[in-house]
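Here's the structure we're looking at; comments come further down.
What follows is calculated from the coordinates using simple rules that are stated; it is not laboratory data. Keep in mind that what you see is a predicted model, and the values were worked out from it rather than measured. A quick note on method: Cβ atoms are made from the backbone with ideal geometry, for glycine too, and the neighbour counts reach across all protein chains shown.
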Amino acid sequence: MYSIVDIEATGGNSKIGRITEISILKFDGQKIVDEFTSLINPERPIPPFVQKLTGISDQMAADSPKFRDVAKDVKNILAGSCFVAHNVKFDYSFFHEEFKLLGLDFHMDKLCTLQYSQKVWPEIGTYGLSKLCKAKGIQNGDRHRAKGDALATVELFKMLLAEDKNQYIKRLIKNS
């Protein structure tokens with residue numbers, strides 16, 4: 001079982017930034033079987049450039065739950081799965097820091113679809129999510145929003161699983 005994850009955050013550094021939106025799509029290798037998606041109150045202002053990029057404003061986030069309010073739901077949906085994200089270090093580091101702030105450990109097996117794409121499709125040469133989606137004909141009508149990017153990553157992951165003739169996936173899943 002896989003949890004395809006995407007977040008939006010107040011910045012690119014998990015040590016000082018906070019999550020503003022989460023989408024977790026539980027995926028059984030064929031279809032999405034469960035979902036958790038929510039805006040998150042980061043308990044700090046969202047920088048203007050991030051607001052412009054994501055469309056998530058301070059006002060939207062202010063009325064949203066704080067991470068501590070959804071931490072149990074997040075843990076429950078992630079249970080028994082591998083944490084999968086495009087550039088997994090980014091998303092995983094934010095979850096790790098959010099749970100750490102609550103005094104909780106966070107450790108999961110993880111898989112990076114960016115690295116996976118490099119192994120399965122070495123000829124593409126560029127592996128950002130939007131460029132890969134374009135190259136593979138995957139539509140993403142909600143770029144830079146957690147659910148839109150998570151849905152695009154699910155479609156990408158399906159293609160990777162189908163085309164992974166060398167079983168790279170077994171070597172790429174990392175224990176944290």
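Okay, here's what the table says:
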{"read-out": "Extension gain (nm, one decimal) between residue 163 and residue 73, 0.36 nm per residue minus Cα-Cα", "value": "29.1 nm"}
{"read-out": "Amide H partners (placed H, <5 Å) of residue 20, local residues excluded", "value": "8, 9, 10"}
{"read-out": "Residue range of the chain that is longest and free of GluC sites (Glu not before Pro) which are both DSSP loop and sparsely packed (at most 15 other C-beta within 10 Å)", "value": "44-122"}
{"read-out": "Compactness index (Cα Rg / 2.2 N^0.38 Å), the chain", "value": "1.00"}
{"read-out": "Separation between Cα centres of segment 158-176 and segment 37-103, rounded to whole Å", "value": "26 Å"}
{"read-out": "Amide H within-cut-off set for residue 66, under 5 Å, with H built and near neighbours excluded", "value": "41"}
{"read-out": "Kirkwood estimate for segment 1-91, i.e. one over the average of 1/r between Cα atoms, Å", "value": "13.6 Å"}
{"read-out": "Sparsely packed trypsin sites (Lys or Arg not before Pro) within segment 106-162, loop by DSSP, other Cβ within 10 Å at most 15", "value": "143"}
{"read-out": "Highest-MSF residue in the chain out of 151, 129, 104 [GNM, Cα springs under 10 Å]", "value": "104"}
{"read-out": "Sparse-neighbourhood loop sites, trypsin sites (Lys or Arg not before Pro) in segment 21-101 - DSSP loop, at most 11 other Cβ within 10 angstrom", "value": "31"}
{"read-out": "Crossing angle, helix 146-163 versus the chain [Cα axis fit, 0-90 degrees, rounded to tens]", "value": "20 degrees"}
{"read-out": "Linear extension gain, residue 121 paired with residue 58, 0.36 nm per residue minus alpha-carbon span", "value": "18.8 nm"}
{"read-out": "Per-pair calculated FRET efficiency, R0 = 45 Å: residue 43 and residue 139 via Cβ, rounded to 0.05", "value": "0.85"}
{"read-out": "Antiparallel DSSP beta bridges within segment 2-172, as percent of all bridges there, nearest 5", "value": "70 percent"}
{"read-out": "Segment 120-134 - phi-based ³J(HN,Hα) in whole Hz, Karplus 6.51/-1.76/1.60, Gly and Pro as x", "value": "6, 10, x, 6, 5, x, 9, 10, x, 4, 5, 5, 5, 4, 4"}
